[in-house]
């Protein structure tokens, strides 16, 4: 099937990024949020990023205007009625994701593919809220979406070959390299990355080294672009905790137990860059 019109449920950092790359690739895009304020913020983020691309001469002002003309913002999910593909990009809550999928199943045309941008949760557990198990899959982008080149394509035991092929073609059209993963907790990247981040917090708790030295060790010793604490702050303490909790609940693998320090930071609202404070302080002038 040919995908012409794409819907994105949620216009936060991830959702807005997905909307942007879809529109840049030439798709007509419908972006939804639960209220006007959040929608305005998400569309504003896209405008800011595109303006930066104009200033860096990566695109022209005319390109920017054409990209934005392909984006329709809405607070009414009924506007997904003509979409060929809808990608869910809400928070990592299975209850909420199932509701979204159930609503989309009633609204979207029979041929439409429904996808989740989940970073860790079972795609099949979302799909059972629909009557189109064969047309549901995971399309997991990475943050920041316009920059990161990877997409994990997650196929459930019920996903059809046609759906998987269409998902791959779509991801490649928006400029991503696709890796295929089974519908298992954490998929590929987060199953490998999250224990590494949690272990960094554990050795900080034990006083093995300062966070700055741990970050420098990983950057210079393993050639990582960011150390684990800078990465946690970028991804979000809350997101790391959500993923770790979801994988642990599914697998009971002890390497996904959230360290006390990280849990306390989550409780305090020290979420990283998004809140202005995490392992590092981002409020300094």
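None of the figures in this text is laboratory data; all of them are computed from the coordinates on show. Predicted model only: the values in this text are computed from it and were never measured. With ideal geometry, Cβ positions are generated from the backbone for all residues, glycine too; neighbour counts draw on all protein chains shown.
Per residue, the convex hull around the alpha carbon atoms of the chain comes to 138 Å³. The angle between the Cα long axis of helix 237-251 and the main principal axis of the chain comes to about 80°, on a 0 to 90 degree scale.
Entry note, the stretch 190-268: relative contact order of 33 percent, from Cα contacts under 8 Å with a spacing of 6+ residues. So, in Å, what gap is there between the alpha-carbon centers of the stretch 136-156 and the stretch 182-214? If you average the Cα positions of each part, the centres end up 21 Å apart. Residue order for 265, 218, fewest other beta carbons within 10 angstrom first, comes to 218, 265. Mean residue ellipticity, 222 nm, helices only, the chain: the sum of -39500 (n - 2.57) across DSSP H runs of n ≥ 4, divided by residue count and rounded to 500, is -14500 deg cm²/dmol. Treating the angle as unsigned and between 0 and 90°, give the value, to the nearest 10°, between the Cα long axis of helix 189-205 and the longest Cα principal axis of the chain. Helix 189-205 and the main axis of the chain meet at about 30 degrees. Exposure proxy shown here: for 119, 93, the number of other Cβ atoms within 10 Å sets the order, fewest to most, as 93, 119.
Relative contact order of the stretch 1-114, taken over Cα pairs closer than 8 Å and 6 or more residues apart, is 33 percent.
Across the stretch 56-175, the convex hull enclosing all Cα atoms gives 119 Å³ per residue. Using C-alpha pairs below 8 Å separated by at least 6 residues, the relative contact order for the chain is 14 percent. Using equal-weight Cα scatterers in the Debye expression, the normalised intensity of the stretch 139-267 in log10 at q = 0.16 Å⁻¹ is -0.88.
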